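A short worksheet on the structure shown next.
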Amino acid sequence: HSIGEWVLREACSQHCEWLTQGLPPLRIAINISAIQFRQKNFCAIIKQVAQETGIDPQYIELELTESMVIVYSEHTVETLAELRAFGIKLAIDDFGTGYSSLDYLRKFPVDRIKIDQSFIRNIKTIPANDAIVSAIIAMGDNLGLEMIAEGVETPDELECIKNHHCQEVQGYHFSRPVPAYEFGPWFRQFHQC
C-alpha cells in the first residue's frame, strides 16, 4: 500500500513540477496494483493526493489490468464510478492478454484501452496480429473508447498502427524511458519537429 501511494504521489507531484517548467498539462498514466485497487479507502487516497499535490484530476489516468476488473463486483463498479466522477481517467492496460471478457467493457466506466505490445510486435509480418489489432480498434471506436497501441518500436509498426487509425501510440520508436529532469527538454525538442 505504501509503495503504491508513494508512486501515485510522486507522479502527481512531477506533473505539477513540469507545469511550473512551462510544459503543457499532459495526462500522466499510473499503474495501479490489485492490492491498491481493493483498498477500502482507495478513492479517498487518490482524492487526497490530488488535493495535496494540486494536480487537476483530469490529468490522472489510472491503468488497471484486465484481471483486476474482470471479476464483476459492486465494489469494483462503485470504485470506478467514484474515480470517474472525480475526473480521473481509467484505462485497461495490456488489453487482450488477460481474460478478455468483453462484458466488462460495457459494465465498467473505462475511458481507454491500451492494446498489448505482443499484438504490435511484428504486426506487418504476422497477419493474425494485424487482424487482432484492427478488430480491437474497431471495437473500441464503436464503444466510444480511446485507443493506444503499446510497444511501438519500429517505423513499420507505427505505419501499420496509423493505417488502423489508432488515436495514440507509445513505445521505444519515440524514446526509451528518461529521468524526469530529461523529459522537459525531450518534450520540447520532440514537439518542434
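I need a count of the residues in the stretch 138-157 that are touching a Cys at 6+ places or on another chain (Cβ under 7 Å) and over 11 Å from Glu168 (Cα atoms). Summing the residues that are touching a Cys at 6+ places or on another chain (Cβ under 7 Å) and over 11 Å from Glu168 (Cα atoms) in the stretch 138-157 gives 0. Here Ala85 qualifies as under 27 Å from Ile45 (Cα atoms) and small (Gly, Ala, Ser).
A search for C-beta distances below 7 Å between a residue of the stretch 163-187 that is free of Cβ contacts under 8 Å to residues at least 12 places away in the same chain and any residue that is polar (S, T, N, Q), counting only pairs 6+ apart in sequence or on different chains, returns Trp186/Ser175.
Those helices (runs of 4 or more DSSP H) of the stretch 1-116 in which 2 or more residues are under 30 Å from Glu157 (Cβ atoms) and open to solvent by less than 50 Å² (accessible area, probe 1.4 Å) occupy 2-20, 66-69, 103-107. Residue count for the stretch 138-163 under the criterion of being open to solvent by 70 Å² or more (accessible area, probe 1.4 Å) and either closer than 23 Å to Pro177 by Cα or outside any helix (DSSP H, G or I) (or both): the result is 5.
Among residues of the stretch 164-193 being among the polar types (S, T, N, Q) and surrounded by 12 or more Cβ atoms within 10 Å (Cβ to Cβ), the one that is farthest from Ile148 (Cα to Cα) is Ser175. Contact map, the stretch 80-100: residues that are at negative phi and modelled with pLDDT of 95 or more paired with residues that are open to solvent by 50 Å² or more (accessible area, probe 1.4 Å) and part of a loop (DSSP other than H, G, I, E, B), Cβ distance under 7 Å, separation 6+ or inter-chain. Pairs shown: Lys89/Arg27. Among the residues making up the stretch 117-137, a single one is small (Gly, Ala, Ser) and either touching a residue at least 40 places away in the same chain (Cβ under 8 Å) or surrounded by 15 or more Cβ atoms within 10 Å (Cβ to Cβ) (or both): Ser134.
The values are calculated or read from the model by the stated rules, or taken from the named source; none is laboratory data. Remember, predicted model here, so these are calculated numbers, not experimental data. When we count neighbours, we look across all protein chains shown, and the Cβ atoms used for this are built from the backbone with ideal geometry, even at glycine. Accessible surface areas use protein heavy atoms only, side chains included; no ligands, DNA or RNA. Shrake-Rupley method; radii C 1.70, N 1.55, O 1.52, S 1.80 Å.
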